[in-house]
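Each remark here refers to the structure printed beneath this line.
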Amino acid sequence: MTDQKPSKTMNLPLLPLREVIIFPHMVVPLFVGREKSIAALEEAAKNGNELFLVTQKDASILSPTRDDLYDVGTVVSIIQMLRLPDNTVKVLIEGKQRARLIDLQNSSIGMFAEVDPCTEEIGDAMALEATVRGVKNIFEQYVKINKRIPPELLMSISSITEPARLGDIIVAHLNLKISEKQEILSCLDLEARLTLLLEKMQGEIEIINVEKKIRSRVKTQMEKSQKEYYLNEQMNAIQKELGQKDDGKSEIGEMEEKLKTKKLSAEAQEKVEKEIKKLKSMSPMSAESAVVRNYIDWILALPWGEFSEEDHDVLKAREVLEEDHYGLEDVKERIVEYLAVRELAGDFSRGTILCMAGPPGVGKTSIARSLAQAMNREFVRISLGGVRDESEIRGHRRTYVGAMPGKIINALKKAKVSNPVILLDEIDKMSSDMRGDPASAMLEVLDPEQNKTFVDHYIECEYDLSKVMFIMTANDIHKVPGPLKDRMEIIDIAGYTPFEKLQIAKKYLLKKAIKNNGLSNYSLNVSDKLLAEIVDGYTKEAGVRNLERTINTVARKIATEVVTRKVEEGRKFNISSKQLEKFLGPKRFERTDIHVAPEVGLVNGLAYTSVGGELLNIEVITVPGTGQIQITGKLGDVMQESARAALSYVRSIGPRLKVDPDWYKHHDIHIHVPEGAVPKDGPSAGITLTTAITSAITGIPVRQDVAMTGEVTLRGKVLPIGGLKEKMLAAKQAGIKMIVIPAKNKKDLLKIPTEIKEGIEVHAVAHVEDVLKLALALDRPEDFMTTITLKVVNGSSESAAMVAN
């Protein structure tokens, strides 16, 4: 359905509009300034006050043409017109109806347009009514959330019954683009126009809701930031009043000043500057800022390019080492060599990585400290015992909560110089688990070719460790992985001899005990004989820790006597053997007694333990039985295998020993190594076991003034062993007159002190037969186990064995 008004064209003055659209039923003031537009207003005032308003597509054009104007505009009537002092005209107009622009004429008195009034299409009345209700409801929602529209407008809207008037009044109050308003103006189908208006309002409501959420979020953040800023300013003011701020400098400012004084690498400099810039943009109270601040503090705390002035005086270093330590000649010599090379080569010398391997208490840690003192370097000790996490060495990555650098970087921070002496103590006690292998992480640290660019996971910057002198200590060098051992220069430190212990006690330990126990003002006389009694009877170790504790016990007893009896200063105390037993109790260790007469199946072996050498008795007996072999004495797998190998060798030479082959079927062999509660292991008792088994089977007794050590093969060859010095020392203390050692250990005799070798006859052997001839109590040893000869008789061979005794 359409209304019944006939369509006819009209010629009206034209007023082009910029950035505004006038709808029918609108009453709005306009300010007109263009001459042609003012002329059009004056012409309209003369001819019925009707005017055609149409909007320009481009507001910047001053003299628009037909193509610059939209097709549909509004016919309006002038209600009032007023010329202003600035030659502009204020006009109040009211929209009447839509009209389509047909033609445009420009004349000297203004612009005129031929327009065709538009006829609106009504459509389905029921659908139109539903759309009108929807428009009113949505507009009500729009008014509630848009505070710029007065609520009174809802009352006037609710009273409008004409759909066309309703739509035109509502669209005038919407915040739409010019193109969207023009689209609604150009729509002649009333239902479609209202539907389009409904869509535009719903879109505007969604936009307003999103804007409200954004404003609310921004407001919350601003309030939080303002609150934090206000509280921080209050804290700063309070701290300033309390004197906790230095000249008002901020923490970041102090970091920047410290950065200028540090000689960081280019990589570290760039990283710190980046982190400081990030810190400036963070809230001081945030958790992330604490992480960044901690990272910057760590980097700035490291001694980048800071070195202590070294002292390369070889003579002074030798004096310091001799003053602090007795013996340890190999270590002292190597340290002096290092200093001599540094003196000649300077910075071109490669980093030195020494590993001192030896039993506990021999002075490995203390000599490293003396070395640092002799070189005028800082000394830092890192204990690696029980370290099982790779991050302990390389540090944790910063992504983890509570991340920290590794032990190496921590040691450099503690030393405050980049060329300290770092002692890696107990490197053989490291272990590995699911978190990584710290020994593998140490490969980069201890390689002079790689540690120039050492990277800690926390620092994430290359740090030069080439100027650091690494010294390691280990009790058992065999527990150190091969690749790590390959990077070290290993110096073996043997246990002290009784004479060396006596000298250490007299020169160092006794003086130290007197000072530490407050007896400096008293005279304490301890003879060499008494010190030797302490060494032999109250200590059993490779080092001197127990010896030091024992001497301190004596000093404490005297100090107690001084205090309780109020002894005057200057008194002299002479310690006797009787007083020593009173102070320390009966002797804890007795010298192992050896049997005088030769015995069958009893042989003196030599063992090497973590506390030094040990005399090891091995007993073998044979009893009637079914050919079983029993091994007791808490022996390890290697020692049990060594016993079986020895037995197999003895059985292989049975004919030469004149032993009936069926003898083994009717006798049991029992091998026992006292003491039964002490674990024992290792292959070095091979020749001892062979001698004991041979003696037990043949019934030939063994000399008890002979001790032996050496590994045996199934062919009877004697293989080399370790710990010869300690074993010979144990033999000497036990009163042994003859020692049998492997021939390949003969070269080790050159390093053994004369005081140990004195009074002992040493035989180096290559085969078990030579051992048996020396150890068994034979009348004619040269005829024992004469070699088998083969004699051919009628094409077949028969053996002729000559067995002496």
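The values are calculated or read from the model by the stated rules, or taken from the named source; none is laboratory data. Keep in mind that what you see is a predicted model, and the values were worked out from it rather than measured. Cβ sites come from the backbone with ideal geometry, for glycine too, and all protein chains shown count toward neighbours. Quick note on the areas: whole protein, heavy atoms, side chains included, nothing else; ligands and nucleic acids left out. Shrake-Rupley method; radii C 1.70, N 1.55, O 1.52, S 1.80 Å.
Positive end of the charge dipole of the stretch 481-614 (Lys, Arg +1 and Asp, Glu -1 on Cβ, about the Cα centre): tell me which of Gly537, Gly585, Val567 has its Cα farthest that way.
Sorting the options by dipole projection puts first Val567.
Please report Rg over Rh for the stretch 257-339, where both radii come from the alpha carbon positions and Rh follows the Kirkwood definition.
Rg/Rh: 1.33.
Share of the chain's accessible area from carbon and sulfur, percent, 1.4 Å?
Reported share for carbon and sulfur atoms: 51 percent.
Which value results for Rg/Rh of the stretch 61-127 when Rg is the Cα radius of gyration and Rh the Kirkwood radius based on the inverse mean 1/r?
Numbers: Rg = 16.1 Å, Rh = 14.8 Å.
We get a ratio of 1.09 for the stretch 61-127.
Rounded if a/c is under 1.5, else prolate if a/b beats b/c, else oblate: with a ≥ b ≥ c from the C-alpha gyration tensor eigenvalues square-rooted, which is the stretch 85-189? Provide the component values of the computation, followed by the final result.
Details: a/c = 2.62, a/b = 1.45, b/c = 1.80.
Note, shape of the stretch 85-189 comes out oblate.
Pick out, from Thr497, Tyr508, Tyr458, the residue whose Cα sits farthest towards the positive end of the charge dipole of the stretch 406-525, with +1 on the Cβ of Lys and Arg and -1 on the Cβ of Asp and Glu.
Result: Tyr508.
Note down the magnitude of the dipole of the chain about its Cα centre, charges +1 on Lys and Arg C-beta and -1 on Asp and Glu C-beta and zero elsewhere, to the nearest 20 debye.
On the way: 111 positive and 117 negative charges, 533 e Å.
Using Cβ point charges on Lys, Arg, Asp and Glu, the chain gives about 2560 debye.
What do you get for the angle between helix 545-565 and the principal long axis of the chain? Use alpha-carbon atoms, 0 to 90 degrees, nearest ten.
90 degrees
Exposed loop sites here are GluC sites (Glu not before Pro) in DSSP loop states with at most 10 other C-beta atoms within 10 Å. What is the longest stretch of the chain lacking them? It would help to have the intermediate numbers written out before the result.
Numbers: sites that count: Glu19, Glu309, Glu568, Glu569, Glu590, Glu675, Glu758.
So the longest stretch without any such site is 20-308.
So, with +1 on the Cβ of K and R and -1 on the Cβ of D and E, and no other charges, what is the size of the charge dipole of the stretch 289-435 about its Cα centre, to the nearest 20 debye? Walk me through the numbers before you get to the answer.
Working: 21 positive and 24 negative charges, 183 e Å.
So the magnitude is around 880 debye.
Net charge within 10 Å of Lys680 by Cβ-Cβ distance, Lys/Arg positive one each and Asp/Glu negative one each, not counting Lys680 itself? Kindly include the intermediate steps, with their values, before the conclusion.
Working: positive: Lys634; negative: Glu614, Glu675, Asp681.
That sum, taken over residues with Cβ under 10 Å, equals -2.
Is the shape of the stretch 294-395 best called rounded, prolate or oblate, per the rule: a/c under 1.5 gives rounded, else a/b larger than b/c gives prolate, else oblate, with a ≥ b ≥ c the square roots of the Cα gyration tensor eigenvalues? The partial results should precede the final answer.
Values: a/c = 2.20, a/b = 1.30, b/c = 1.69.
Note, shape of the stretch 294-395 comes out oblate.
Averaging over all projection directions, find the projected area of the Cα convex hull of the chain and quote it in nm² with one decimal place.
Numbers: hull surface 303.3 nm².
Directional mean of the projected Cα hull area for the chain stands at 75.8 nm².
If the stretch 313-471 were replaced by its equivalent ellipsoid, with semi-axes equal to the square roots of 5 times the Cα gyration tensor eigenvalues, what would those be, largest first, whole Å?
Working: eigenvalues 168, 67, 32 Å².
Taking √(5λ) for each Cα gyration eigenvalue gives 29, 18, 13 Å.
At 1.4 Å probe size, with no ligands or nucleic acids counted, give the accessible surface of Thr754 in Å², nearest ten.
Accessible surface of Thr754 is approximately 100 Å².
Looking at Thr632, Pro448, Leu154, which one has the Cα that reaches farthest to the positive end of the dipole of the chain (charges on Cβ: Lys, Arg +1; Asp, Glu -1)?
Going by the charge dipole, the pick is Thr632.
Sum -39500 (n - 2.57) across every DSSP H segment of at least 4 residues in the chain, then divide by the residue count to get the 222 nm mean residue ellipticity, nearest 500.
Dividing the helical sum by the residues of the chain leaves -12500 deg cm²/dmol.
Is the shape of the stretch 98-148 best called rounded, prolate or oblate, per the rule: a/c under 1.5 gives rounded, else a/b larger than b/c gives prolate, else oblate, with a ≥ b ≥ c the square roots of the Cα gyration tensor eigenvalues?
Values: a/c = 8.35, a/b = 1.86, b/c = 4.48.
Oblate, since a/c reaches 1.5 and b/c is not below a/b.
Can you run phi through the Karplus equation (6.51, -1.76, 1.60; θ = phi - 60°) for the stretch 198-214 and list ³J(HN,Hα) in whole Hz, with x for Gly and Pro?
Computed from phi, the couplings for the stretch 198-214 are 4, 4, 5, 5, 4, x, 5, 4, 4, 4, 5, 4, 4, 4, 5, 4, 4 Hz.
How many nm separate the modelled label positions at Thr553 and Met155, each set 7 Å beyond the Cα in the direction of the Cβ?
Label at Thr553, label at Met155, 11.0 nm between them.
To the nearest 10 degrees, how steeply does helix 724-734 sit against the main Cα axis of the chain, on a 0 to 90 scale?
The angle comes out at about 40 degrees.
Based on the alpha-carbon gyration tensor of the stretch 385-442, what equivalent-ellipsoid semi-axes (square roots of 5 times the eigenvalues) come out, in whole Å, largest first? Don't skip to the answer; put the middle values down first.
Details: eigenvalues 77, 59, 11 Å².
That gives 20, 17, 7 Å for the three semi-axes.
Where does the stretch 1-145 land on Rg(C-alpha)/(2.2 N^0.38 Å)?
On the way: Rg = 17.3 Å, N = 145, 2.2 N^0.38 = 14.6 Å.
Rg over 2.2 N^0.38 Å, computed on Cα atoms: 1.18.
Going by Cα centres, the stretch 285-325 and the stretch 201-224 are how many Å apart?
When both Cα centres are located, 56 Å separates them.
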